[in-house]
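Taking it in order: structure first as C-alpha cells, then the write-up.
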Amino acid sequence: MNDSLYDIPLQTLDGRPASLRDYAGEVLLVVNVASRCGLTPQYEGLEKLHQALAPRGLQVLGFPCNDFAAQEPGTADEIREFCSATYGVSFPLFAKMQINSEPRHPLYAALIAAIPNAVYPEGSDFRDKLAGYKLLPARDTDVLWNFEKFLIDRQGKVIGRFSPDTAPDDAALRAAIEAALG
C-alpha cells in the first residue's frame with residue numbers, strides 16, 4: 001500500500017509535479033482545506049502544529065477542495081494569497097482536487113480505502129449538524145467535510161483518520177502524531 005500511496009501523482013499549488021514520496025520518512029497529516037468554511041480558522045492551528053513539529057519530522061499537507069458546499073472557489077493564486085495573508089501558512093499546499101465528486105482523486109481513494117471511517121472527538125455532533133442541513137456525503141466512507149485529517153506514518157501507512165471538527169490541538173490527534181513521530 002505505501003509504495004502506491006507514495007507514487008500517486010500530485011501537483012503543488014503552483015503547478016509543479018509532486019508526490020508523497022517527496023516526504024518519505026516523515027509523518028504526514030493530510031488535510032482537505034477550504035478558505036470559506038466555518039472550520040477555516042483551523043489553518044491557524046495547523047500552522048502552529050507544522051511549526052512546532054516539523055523539526056521532528058511532521059509535514060502538514062493541505063489539499064484544497066471545492067466539493068463541500070463550494071467553500072473553496074478560488075484560483076491557486078487566490079488560495080495561496082488567502083492562506084499566506086490570513087493565516088501565515090507555510091506548510092505545503094497542493095492543487096485543488098476532487099475528493100468526493102467524480103472522478104475522485106486517487107490519493108483520496110487510497111486514503112479512504114485504508115481507513116473507511118473517521119474518529120470523532122468526544123461529544124461531537126458535527127455529522128448530525130450536516131445531516132440537518134442535508135449536507136451529508138453520498139457514502140458513509142466519503143470524506144465528511146473540509147478539514148478531515150489523515151495521518152500517515154514514516155513508512156507511508158495510513159494510521160489515522162480524524163473528523164473535520166477534530167481541532168489541530170485535539171489531545172487524541174496530538175497523541176497519534178506523537179506516537180507516529182516516535
Report summary line: In region 125-151, anything in contact with a Phe, Trp or Tyr (Cβ under 9 Å, 6 or more places away or on another chain) and over 23 Å from SER101 (Cβ atoms) is listed as LEU151
Query - Filter result for the condition that a residue is under 19 Å from THR166 (Cβ atoms), in contact with a strand residue (DSSP E or B) (Cβ under 9 Å, 6 or more places away or on another chain) and small (Gly, Ala, Ser), over GLY74, GLY45, GLY57, GLY62 - result: GLY62
Report task. Give ALA138, ALA167 a once-over and let me know the one that is of a type outside the set (D, E, K, R) and either within 21 Å of HIS50 (Cα to Cα) or touching a Cys at 6+ places or on another chain (Cβ under 9 Å) (or both). Result -> ALA167
Query raised in the report: If you go through region 68-79 one residue at a time, how many are buried (at least 16 other Cβ atoms within 10 Å of the Cβ) and either part of a helix (DSSP H, G or I) or in contact (Cβ under 8 Å) with a residue 40 or more places away in the chain (or both)?
Result: 5
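Condition check ((1) surrounded by fewer than 18 Cβ atoms within 10 Å (Cβ to Cβ); (2) at pLDDT 95 or above; (3) part of a loop (DSSP other than H, G, I, E, B)) across all residues:
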site	(1), (2), (3)
THR40	no, yes, yes
LYS48	yes, yes, no
PRO55	yes, yes, no
LEU61	no, yes, no
GLU81	yes, yes, no
VAL89	no, yes, yes
ASN100	no, yes, yes
ALA109	yes, yes, no
Query raised in the report: Any chance region 25-36 includes a residue that's surrounded by 14 or more Cβ atoms within 10 Å (Cβ to Cβ), at pLDDT 95 or above and farther than 20 Å from PHE147 by Cα?
Result: yes
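The values are calculated or read from the model by the stated rules, or taken from the named source; none is laboratory data. Please read all numbers here as calculations on a predicted model, not as lab measurements. We place every Cβ from the backbone using ideal geometry, glycine too, and count neighbours over all the protein chains shown.
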